[in-house]
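No value in this document is a laboratory result; all are computed from the given coordinates. The shown structure was predicted, so the numbers you read here are calculated from the model rather than taken from an experiment. Positions of Cβ are backbone-derived with ideal geometry, glycine not excepted, and every protein chain shown enters the neighbour counts.
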Ligand SMILES: [Cu+2]
């Protein structure tokens, strides 16, 4: 009797722990998978996406990458970064705390590259550019906390990094 009770309690605890692990880990994995899928698997879908930019990606409240942009569609007021396997150019840019930032990432070679921040505060701000969709933009609010925010490309064999300075 006593033994069965202990086993039941252990099972219940294990179940609870696995639920917590699923809830905590799964959303993160899903986000990352979506980004990679969009870059590697779902690229075709993005190429045929001929929609002109809408307000959706221009809303800093909910950062989302734009559809592929033509050179003539690059927002005039945006910060422009070119990325190749050698790095981001420029490697550093400055913004004011809390300001609305429009960032354009331009692919400078034939590979696929990613722009994302290391700090969780900016986890939603991510862009992927490939040879078929070399220009994309995103709109977001700069963090309220001044400092240096590192961004990078996490693809295997890529080591591009840079710094966004928040004043
Ligand atoms: Cu890269």
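Data table
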quantity	calculated
Residue exposure sequence - 86, 116 - by fewest surrounding Cβ within 10 Å	86, 116
Packing rank of 98-104, 70-76, where each peptide gets the mean count of other beta carbons within 10 Å, highest leading	98-104, 70-76
Potential extension, residue 4-residue 86 segment - 0.36 nm per residue separation minus Cα distance	23.4 nm
Cα→Cβ-extended label distance, 7 Å offset, between residue 144 and residue 97, nm	0.9
Equivalent ellipsoid semi-axes - Cα gyration tensor, the range 42-166, angstrom	21, 18, 12
Ranking of 115, 152 by count of other Cβ atoms within 10 Å, fewest first	152, 115
Exposure proxy order (Cβ contacts within 10 Å, fewest to most) of 167, 118	167, 118
